[in-house]
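Everything below concerns the one structure shown next.
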Amino acid sequence: MEHPENDPKYKGLIVNKGVARPPSVNPYLLKRRKEDERSVAEYTEGVLSGNRVILSQAVTLVESSRPEHQEKAQAIIERCLPYAGNSIRVGITGVPGAGKSTSIDAFGMHLLKKKHKLAVLAIDPSSERSKGSILGDKTRMEKLSLEQDAFIRPSPSAGSLGGVARKTRETIVLCEAAGFDYLFVETVGVGQSETAVHSMVDFFLLIQLAGAGDELQGIKRGIMEMADGIVINKADGDNIEKAKMARSHFSNALHLFPLPESGWTPEVLTYSGYYNLGITEVWDMIHKYVDFVKESGYFDRKRKEQAKYWMYETINEQLRNSFYRDPEIAGLLEKLENDVLHNRKSSFVAAKEALDRYYAHKG
């Protein structure tokens, strides 16, 4: 509509037409609707062709708690399963500040130069408490995050450790089907997530820092026993001698542990992620381990044990969720908790009563 003020008789006065009114529906929302309409076959085809956008959307379905998304995600995983398993899975852990992100950046670039494809997944054990994710790690992997053959995916921003770990295990299947032949599964820090990571990788790498006081302090025996290799980071400049000393300490400590089930004697190496020193030696160690366990048959045996472990873990998680989400049980638990707190019932009697009611209700 033309403004009357623009009539020639009003000299010196011009009113612009303005801008068109934006659409009432967010165009990105329309795009999201198209994604939701994508079929299982389309998702599978996209993943198998290595389409990173569709792979990311498929992982989002895996992470979603909506029943319809979960159903679609499981169908996609089932179709991708025959194409999975052809990778080397490396678990990476270490105390905060040990330089995990810098190391992953350096390790990953070493692989990409050799024409491999790498997926970096992360398990964040703090997500349940803080509701935060480790998206910051992606920004610290400065080189990898720019590479077409690298796929970096932080863990979901909420959920129990078991749930986050299970979704990471399922994401591994999708990444392998998409053609990634190396996978890093990273933990944010030394904590309870190590067992979960160990149960889904082939090689478990512990990154340590030299010159930070007593090198063995704060490292749980269980994590040391799980490690297939220990690497001392920041072995550069004035820190080289401290790194050598730390290597000696860890080597001596490892000799006190019984030989792992794999029959492999864990090695301790020094390197510098920042200056790219000793990276080749770290990869030589990992490949030597993989060759060793493949020859002995332990590699395949461990993968089968891991698949069985995650079947039972998923059963346990589903049963737990079914129990606590039952509205009748939720009301009963509040009453039983009150009885236990006032010594009217023992914890065991209260638990049995809750389970009996659940079984009767479901039966």
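When a footprinting reagent is the concern and you count Cβ atoms within 10 Å, what order do 313, 186 take, fewest first?
313, 186
If each Cα of the stretch 212-363 is one equal point scatterer, what is log10 of I(q)/I(0) from the Debye formula at q = 0.13, 0.16 Å⁻¹?
-0.78, -0.91
Using modelled amide H (1.01 Å from N, peptide plane; none on Pro or chain starts), what sits under 5 Å from the amide H of residue 92, excluding residues fewer than 5 places away?
Excluding prolines and chain starts, which carry no amide H, the hits are 185, 186, 187, 205.
Are any of the pairs 114/288; 100/244; 117/294; 72/143; 115/304 more than 23 Å apart by Cα-Cα distance, and if so, which?
Violating the 23 Å limit, Cα to Cα: 72/143; 115/304.
With 10 angstrom as the radius, rank 232, 92 by how many other C-beta atoms surround their C-beta, starting from the fewest.
In increasing order of surrounding Cβ atoms, one gets 92, 232.
Given axes a ≥ b ≥ c from the Cα gyration tensor, I'd like to know whether the stretch 33-83 is rounded (a/c under 1.5), prolate (a/b larger than b/c) or oblate.
Note, shape of the stretch 33-83 comes out oblate.
Once you put a point 7 Å from the Cα of residue 357 and another 7 Å from the Cα of residue 304, both along the Cβ direction, what distance in nm separates them?
My value for the distance between the label points is 4.4 nm.
I need the shape label for the stretch 268-309. Rule: rounded when a/c is under 1.5, else prolate if a/b > b/c, else oblate, with a, b, c from the alpha carbon gyration tensor.
It is prolate, given that a/c is not under 1.5 and a/b is the larger ratio.
Percentage of Cα-Cα pair distances in the stretch 223-298 greater than 17 Å, rounded to whole percent?
Across the stretch 223-298, Cα pairs with separations above 17 Å total 49 percent.
Provide 121, 355 in ascending order of the number of other Cβ atoms located within 10 Å of each residue's Cβ, fewest first.
The order, fewest Cβ neighbours first, is 355, 121.
Between residue 342 and residue 65, what length comes free when the chain is fully extended (0.36 nm per residue of separation minus the Cα-Cα distance, one decimal in nm)?
96.1 nm
Going highest first, how would you order 196-206, 73-83 by mean Cβ packing within 10 Å?
Top to bottom by mean Cβ count within 10 Å: 196-206, 73-83.
Coordinate-derived values only; no laboratory data. All figures in this text were calculated on a predicted structure; none of them were measured in a lab. FYI the Cβ positions are ideal-geometry reconstructions off the backbone, even for glycines, and counts take in every protein chain you see.
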